[in-house]
Amino acid sequence: MSPVSTGTLDLQHRRCPEPGDDLSDYSVLPVPPMSIRFDQAAGTLSPAGPELTRRMSDLEGLFLDQNAWRTAVADGDPIVYSVVSSLVPEADRELPQSITTIQPGSTGGEFWMTKGHQHPNHQGEIYLGISGRGGLLMFDGTDTRWVDMTPGTIGYIPPGWAHRSVNVGGKPYSFLAVYPGGAGHDYGWVLEYGLGQRVWRQDDGVAFGGYFAEASS
Ligand SMILES: [Fe+2]
């Protein structure tokens, strides 16, 4: 029997990425059909791909109250969020997935959050709330939108909208992201243009304020 092929693609000599592989090796190769185990309770994907941990020190310039940020870095530099990915690579035409877990907390009154990014190749993305209570902040340079994210909520990010996730609850907030592998991630865009609004802890609730406003006392 001839090897499996699709058009001009010869799949005989391709193999599945394995944990520990350098995924850049697959940047121009498709991955085969595969099963990816999504463990909702554990917030993991299996087989697992790259993992990323963001500590407070990685979030320089993002919290409005820079003195509070420096104090938090000096006081143990806590993990703010982590990202686990599947083996599907960030490559054009692929459809990677990742689970992000943001720890509960606030710095200078501002809820803990992801760095936020813009996709340089403007493409859409979906987030699915898994556990905890969070929100999806989106900014297109003019308008700001907020989507409450609870387990089962799908937040849709249209092309051209920068986005950030925020944990507004008292427990870890996790969500699944599915996005076009060729979209890219531009974190500098947020440092330059912001995300329209900031998300503040207020009593037991949430308050929004101007992104570049002076830090509240
Ligand atoms: Fe994104």
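No lab work stands behind these numbers, since they all come straight from the coordinates. Everything quoted here is computed from the prediction, not taken from an experiment. Note that each Cβ is placed from the backbone with ideal geometry, even for glycine, and that neighbours are counted across all protein chains shown.
Remarks
Yes/no matrix, rows are residues, columns are (1) more than 26 Å from E94 (Cα to Cα); (2) within 11 Å of the ligand (Cβ to nearest atom); (3) surrounded by fewer than 16 Cβ atoms within 10 Å (Cβ to Cβ):
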residue: T144; (1), (2), (3): yes, no, no
residue: M149; (1), (2), (3): no, no, no
residue: I154; (1), (2), (3): no, no, yes
residue: H163; (1), (2), (3): no, yes, no
residue: V168; (1), (2), (3): yes, no, no
residue: K171; (1), (2), (3): yes, no, yes
residue: Y179; (1), (2), (3): no, yes, no
residue: H185; (1), (2), (3): no, yes, yes
residue: G188; (1), (2), (3): no, no, yes
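- Among the residues of region 42-65, those identified as without any contact (Cβ under 8 Å) to a residue 24 or more places away in the chain and of a type outside the set (D, E, K, R) are A42, S46, S57.
- A count restricted to region 154-181 and to residues that are outside any strand (DSSP E or B) and either hydroxyl-bearing (S, T, Y) or free of Cβ contacts under 8 Å to residues at least 60 places away in the same chain (or both) stands at 6.
- Criterion applied to T114, T107 was being surrounded by 15 or more Cβ atoms within 10 Å (Cβ to Cβ), hydroxyl-bearing (S, T, Y) and within 16 Å of the ligand (Cβ to nearest atom), and the one residue passing it is T114.
- Taking region 123-144 as the range and being over 21 Å from R54 (Cβ atoms) and either of a type in the set (D, E) or free of Cβ contacts under 8 Å to residues at least 40 places away in the same chain (or both) as the test, the residues that pass are D140, T142, D143.
- Candidates G61, G76 - the one that is in a loop (DSSP other than H, G, I, E, B), in contact with a helix residue (DSSP H, G or I) (Cβ under 8 Å, 6 or more places away or on another chain), of a type outside the set (A, V, I, L, M) and on the phi > 0 side of the Ramachandran plot: G61
- Close contacts from region 97-116, counting a first residue that is basic (K, R) and a second that is assigned to a strand (DSSP E or B), with Cβ to Cβ under 8 Å and a gap of 6+ residues or different chains, come to K115/R54; K115/R164.
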